[in-house]
Amino acid sequence: MGKKVYIETYGCWLNRGESEVAKTILREKGYEIVSTPGSADIVVVNTCAVRGDTERNMLMRLEELKKIAPQARFIVTGCLVNVRPKSILEILPDASLLEPDAVTKIGDVLEEDKPVYILRKYERDLSLLPKYREGPTYVIPIQSGCTGSCSFCVEWVARGRRVKSYPVRLIVDAVKEAVSKGAKEVYLTGQDVASYGLDIGTSLPKLLETLLEEVPGNYRVRIGMMEPSMLSKIVEELVPLFKDPRLYKYFHIPVQHGDDRVLSLMNRKYTVGEYKSLVERVREGVGLSSLVTDIIVGFPGETEEAFQSTLKLLEEIMFDKVHVARYTLRPFTKGYLLPGVPEPVKKRRSRLASELALRISGEVNRKYEGKLTEVLVNGTSFRGDAAGRTPEYKLVIMKGYELRAGDFVKVRITKSTPLHLEGEVVD
């Protein structure tokens, strides 16, 4: 077996961070990371299992990769491994299966001459983080696990119930090295970043304080998804830290629904009123910022009146971006046992919620037109124009400009769409 490895990653930023850990381990063992599966001796697929349609797409992709790279040895990791191991092995009977917490064992697995299965052990090596190599962005996992028990979520099977946090010193040193070598934005990722430190006697605000104090330089930090019930416990300590311009003023706080009864059926740990108070505290303390959320339509027990309450909440809060998902059955969850909403009803509600969310995003983004802002260039658009992020993590396309990734430029916003801003560079 050769040394060329192709890694394909799906799902959340935590998955992407874990793939970066795998790349770091493999490179240190002498493997070469390649960009196409057909040229690989080993194919690694980091899977997602958040929704039913996602699961089906994952399995279809494994079928495709099997045909593209029939010569390759397969390793399947990510959340689907603990949820559907039998389904994976029906497609790839000779594959090794590594649960998310076992991704650090990938080098050892490749030394074996037979398939290896590490499932539902939930033992994570918290001493290994990805090493920065190049580019403007450094993705680093800081924790895994969640304190919730939502009745729609299969992640407790995929990743376990216990919060597992990386040591503060390890994280800060890794970020310091990345920034010293050229990283300009750092993504702190996790299953629920607000629960960071619960298991090791610290917290997200304390981590950020240490990081900002000890890592000098002109860079930006983006904080990952935070559960409302956990964020509410640290919000008073967290909000003042956003006076530091190195923190993107970006908050991903999933509300999931706008009706208290449905939130209770979902086993969420807050009411609509408590969520609105949390958002008010964030906006009051931080000022201009981006607020992103997730909602589920068609959850069992969602009446038309309850759905309308969700639409009302979207109108009230005016989110910058909303991820709308139709509820899908997930195994091992309480929602699986509840009487469902008909699929045509779910589709209609999804369409209405998505249309409203897009309209609101357009209204929010229009307020940026004419503003002068600093943009961190971090890539290009699909048309090849320079692209970057404002301090609020708004995507800005600079048409006709070729700029170096990692540069900070002054930009005047000339146009907006629901999905991005457009601007001209100001000398």
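Checking Cβ-Cβ separations below 4.7 Å across the chain identifies Cys12, Cys48, Cys79, Cys146 as cysteines lacking any candidate disulfide partner. Here the chain is assigned +1 on the Cβ of each Lys and Arg and -1 on the Cβ of each Asp and Glu. Its dipole about the Cα centre then comes out at about 440 debye. Along the axis of the charge dipole computed for the chain (Cβ charges of +1 for Lys and Arg, -1 for Asp and Glu, origin at the Cα centre), the listed residues Ala387, Ile200, Leu231 are led at the positive end by Ala387. Residues Leu395, Leu98, Leu291, ranked from the fewest to the most other C-beta atoms within 10 Å, line up as Leu395, Leu291, Leu98. The charge dipole of the stretch 1-42, taken about its Cα centre with unit charges on the Cβ of Lys, Arg, Asp and Glu (plus for the first two, minus for the last two), comes to roughly 80 debye. Cα-based radius of gyration for the stretch 270-410, normalised by 2.2 N^0.38 Å, reads 1.31. The mean of 1/r over all pairs of different alpha-carbon atoms in the stretch 185-280, once inverted, gives a Kirkwood hydrodynamic radius of 14.4 Å. Between the stretch 1-68 and the stretch 373-426, the C-alpha centres lie 30 angstrom from each other. Loop-located chymotrypsin sites (Phe, Trp or Tyr not before Pro) in the stretch 308-360 (DSSP state not H, G, I, E or B) with no more than 15 neighbouring Cβ atoms inside 10 Å: Phe332.
Calculated from the structure at hand, semi-axes √(5λ) of the Cα gyration tensor in Å is found among (i) 41, 26, 19; (ii) 32, 29, 22; (iii) 122, 37, 13 as (ii). As a proxy for reagent exposure, Ile296, Ile140 were ordered by neighbouring Cβ count within 10 angstrom, fewest first; the result is Ile140, Ile296.
Determine the percent antiparallel among the DSSP beta bridges restricted to the chain, to the nearest 5.
Of the beta bridges lying entirely in the chain, close to 35 percent run antiparallel.
Across the chain, the mean sequence separation of Cα contacts (distance under 8 Å, 6 or more residues apart), normalised by length, yields a relative contact order of 11 percent.
Of all beta bridges that DSSP places with both ends in the stretch 137-366, some 10 percent have antiparallel geometry.
Using the C-alpha gyration tensor of the stretch 137-366, what are the square roots of 5 times its eigenvalues, in whole angstrom, with the largest one first?
32, 21, 15
Applying a DSSP loop filter and a limit of 14 other Cβ atoms within 10 Å to the GluC sites (Glu not before Pro) in the stretch 113-158 leaves Glu123, Glu134. Ranking Gly335, Tyr219, Gly400 by Cα position along the charge dipole of the chain, where only Lys, Arg, Asp and Glu carry charges on their C-beta atoms, puts Gly335 farthest toward the positive end. Judged by the gyration tensor of its Cα atoms, with axes a ≥ b ≥ c, the stretch 372-425 is rounded; a/c sits under the 1.5 cut. Computed from phi, the 3J(HN,Hα) profile of the stretch 41-47 under the Karplus parametrisation 6.51, -1.76, 1.60 (θ = phi - 60°) reads 8, 9, 10, 10, 10, 9, 9 Hz, with x in place of Gly and Pro. Each peptide in 156-165, 362-371 was scored by the mean count of other Cβ atoms within 10 Å over its residues; highest first, the order is 156-165, 362-371.
Summarising the amide proton neighbourhood of Val221: residues at separation of 5 or more, or on other chains, whose placed amide H is nearer than 5 Å comprise Val186, Leu247, Tyr248. Per residue, the average separation of C-alpha pairs within less than 8 Å and at least 6 apart gives the stretch 4-118 a relative contact order of 26 percent. Classified by the C-alpha gyration tensor, the stretch 7-133 has a rounded form. Its axis ratio a/c, with a ≥ b ≥ c, is below 1.5. Of the residues Phe251, Phe242, Phe74, the one that moves most in a GNM of the chain with alpha-carbon contacts below 10 Å is Phe242. Could you tell me which of rounded, prolate or oblate describes the stretch 79-231, using a ≥ b ≥ c as the square roots of the eigenvalues of the alpha-carbon gyration tensor, with rounded for a/c under 1.5 and, failing that, prolate when a/b is larger than b/c and oblate otherwise? The shape class here is oblate.
Using unit Cβ charges (K, R positive; D, E negative) and no other charged atoms, how large, in debye to the nearest 20, is the dipole of the stretch 299-400 about its Cα centre? My answer is approximately 320 debye.
Bear in mind these aren't lab numbers, they're just calculated from the coordinates by the rules spelled out. Remember, predicted model here, so these are calculated numbers, not experimental data. Cβ: placed from backbone, ideal geometry, glycine included. Neighbour counts: every protein chain shown.
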